[in-house]
Amino acid sequence: MKKIQGMQRGMGIGGWLTNYKRFNVLPVEKRLHITIGDMEHFESYITERDVAYIASLGLDHIRVGFDQIVLEESPYVYRSNILSILQDFVSWCRKYNLRPVLNLHKALGNYCDIKEQRGLMQNEELRARFVALWVKLEEIFSRDPDVVFELLNEVVDGTAEEWNGLAEQTVAAIREKNPTRLIVVGGTQANNPPGLPHLRIYEDENILYTFHCYSPHEFTHQQGVLNPRQLYYNRKMPYPCEDIERYREFHRLDSGKSAYEDYDRMDIQYLRDYMAPVQDFIRNHPDKFLWCGEFGTIRHAKLEWRENWMRDMITLLKEWDIPYCVWNYLSTPNDGNRFSLVDDDTRTILSEELHRIILGEV
């Protein structure tokens with residue numbers, strides 16, 4: 001599979017310019033507002049010191065998520081201070097020899113955790129603003145060839161045909177200004193492996209492809225307050241787990257449907273099977289670059305279980321020679337799904353074993 005310098009082992013940053021407050025508890029009419037408190041958070045939450053620490057862990061890239069409402073003050077008008085923050089971030093990455101990936105985490109009309117904020121794929125004006133945002137970023141970072149653009153985090157409420165069309169339109173607009181910008185495109189179904197077969201494949205060596213993996217969700221998002229199913233089940237979920245009935249019961253209570261009939265335990269074999277579309281993509285497109293851009297476990301899961309799952313994930317990714325980026329460095333207390341990999345106060349990795357696993361020493 002194709003290799004890209006500076007994109008082998010990375011760390012995602014959420015909780016800074018995305019996932020910085022619990023939108024779901026706000027009235028609908030206030031969910032897309034940026035307040036003075038939000039601005040103070042954006043200007044102080046992540047600093048050069050954090051980027052230096054990530055570099056010290058032995059990683060080679062950082063994927064930073066940002067929301068469209070953070071960058072876009074009004075249609076086609078962008079906040080100069082947020083652009084400056086992104087430029088500072090890129091300069092810190094350059095200083096510490098890290099490749100920056102700018103990821104549009106939540107676009108207007110495509111919020112993975114707010115069901116009311118949908119319609120990007122069907123709304124002509126929202127699509128135009130989406131494309132214009134990326135054109136603006138290309139103008140800002142035209143002299144920064146190491147910056148990677150990831151068009152959209154997790155596609156929801158759109159067919160593969162709709163998303164492929166918008167992605168192609170956005171790629172074309174960027175290509176008019178920069179024929180070699182590295183651009184990352186993921187699939188529908190919230191970027192999970194089942195969406196990979198429906199991705200449009202480009203005759204462009206600078207288009208990169210990505211997927212995420214959080215399966216089984218009843219483990220990775222256990223007791224999460226933003227996930228109705230996990231919140232309802234409200235049960236600690238070990239990994240690996242000899243008692244597959246614990247996992248089956250989650251699905252019976254949630255939907256009344258059976259699950260895991262072919263398994264007698266939850267372990268790496270299930271992950272291997274679930275990610276079969278990933279193996280298919282590699283076989284079908286051996287000359288393309290495939291990147292696991294996001295995977296992780298909720299903070300309040302037992303650390304040993306988190307380590308076990310992360311170890312199995314990275315074992316498979318290394319077996320298939322897939323570069324990866326873990327999620328995530330630090331989550332705010334206001335993020336309903338906290339996936340932090342560092343301590344809130346010291347901002348150091350939660351365990352040396354976790355550090356070793358993230359480095360691929362599995």
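The values are calculated or read from the model by the stated rules, or taken from the named source; none is laboratory data. Keep in mind it's a predicted model, so treat the numbers as computed, not measured. Here Cβ is always computed from backbone atoms with ideal geometry, including for glycine, and neighbour counts include all displayed protein chains. Accessible surface areas use protein heavy atoms only, side chains included; no ligands, DNA or RNA. Shrake-Rupley method; radii C 1.70, N 1.55, O 1.52, S 1.80 Å.
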*Hey, what's the Cα Rg ratio for the stretch 7-54 versus the globular rule of thumb, 2.2 N^0.38 Å?*
1.43
*Quick one: length gained pulling R356 to L26 fully straight, 0.36 nm per residue minus the C-alpha distance?*
114.9 nm
*For the chain, with every protein chain kept in place, what is the accessible area per residue (1.4 Å probe, Å²)?*
41
*Loop sites in the stretch 154-213: GluC sites (Glu not before Pro), DSSP, at most 16 other Cβ within 10 Å*: E203, E205
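The chain: longest stretch without exposed trypsin sites (Lys or Arg not before Pro) (DSSP loop, at most 10 other Cβ within 10 Å), sites themselves excluded?
So the longest stretch without any such site is 144-256.
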*asked:* Given R₀ = 30 Å, what would the calculated FRET efficiency be for R94 paired with R200, taking r from the Cβ atoms and rounding to 0.05?
replied: 0.40
*Quick one: Karplus J couplings for the stretch 141-158, per residue in order, coefficients 6.51, -1.76, 1.60, θ = phi - 60°, nearest Hz, x for Gly and Pro?*
10, 4, 9, 10, x, 7, 6, 9, 9, 10, 4, 7, 5, 9, 6, 10, 6, x
*Summing Lys, Arg as +1 and Asp, Glu as -1, what charge do residues with Cβ under 9 Å from the Cβ of F149 carry, F149 excluded?*
-1
*Give the residue from L303, N234, L350 lying farthest towards the positive end of the charge dipole for the stretch 206-362; charges sit on Cβ (+1 for Lys and Arg, -1 for Asp and Glu) and the dipole is referred to the Cα centre.*
N234
*Between K302 and S44, what FRET efficiency follows from the Cβ-Cβ distance if R0 is 25 Å, with the result rounded to 0.05?*
0.20
*Using 7 Å Cα-to-Cβ label points, what is the L83/D321 separation (nm, one decimal)?*
4.2
*Work out the P(r) tail for the stretch 19-102: percent of alpha carbon pairs separated by more than 15 Å, whole number.*
62
*Quick one: putting +1 on the C-beta of Lys and Arg, -1 on the C-beta of Asp and Glu, what dipole do you get for the chain around its Cα centre, in Debye to the nearest 20?*
260
*Calculate what fraction, in whole %, of the accessible area of the chain sits on carbon and sulfur atoms when a 1.4 Å probe is rolled over the protein chains.*
47
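Between Y232 and E161, 0.36 nm times their residue separation minus their Cα-Cα distance comes to what? It would help to have the intermediate numbers written out before the result.
Working: separation 71, 0.36 × 71 = 25.56 nm, distance 3.40 nm.
Full extension from Y232 to E161 adds 22.2 nm.
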*Between their Cα atoms, which of K257/K302; K21/K115; K3/K106; K30/K115; K3/K95; K2/K318 are more than 25 Å away from each other?*
K257/K302; K3/K106
*Jot down the per residue volume, in cubic angstrom and as a whole number, of the convex hull over the alpha-carbon atoms of the stretch 141-220.*
101
*asked:* As an exercise, use a Förster radius of 41 Å and the Cβ-Cβ distance of E125 and E242 to find the FRET efficiency, rounded to the nearest 0.05.
replied: 0.20
*Might you report the magnitude of the Cβ-based charge dipole of the stretch 1-68 about its Cα centre, with Lys and Arg at +1 and Asp and Glu at -1, to the nearest 20 debye?*
400
_Geometric extent, Cα atoms of the stretch 1-154 - Rg, Dmax (angstrom)_ = 15.6, 47
_Where N is the number of residues in the stretch 114-260, Cα Rg divided by 2.2 N^0.38 Å_ = 1.30
*Counting each DSSP H run of 4 or more residues in the chain as -39500 (n - 2.57), what helix-only mean residue ellipticity at 222 nm follows after dividing by all residues, to the nearest 500 deg cm²/dmol?*
-11000 deg cm²/dmol
*Quick one: in the stretch 260-331, what % of C-alpha pairs are over 21 Å apart?*
33
*(i) 34, 23, 21; (ii) 35, 26, 19; (iii) 30, 23, 22: which one is semi-axes √(5λ) of the Cα gyration tensor in Å as calculated from this entry?*
(iii)
*What's the extension gain from E139 to S56 if we count 0.36 nm per residue and subtract their Cα-Cα distance?*
26.8 nm
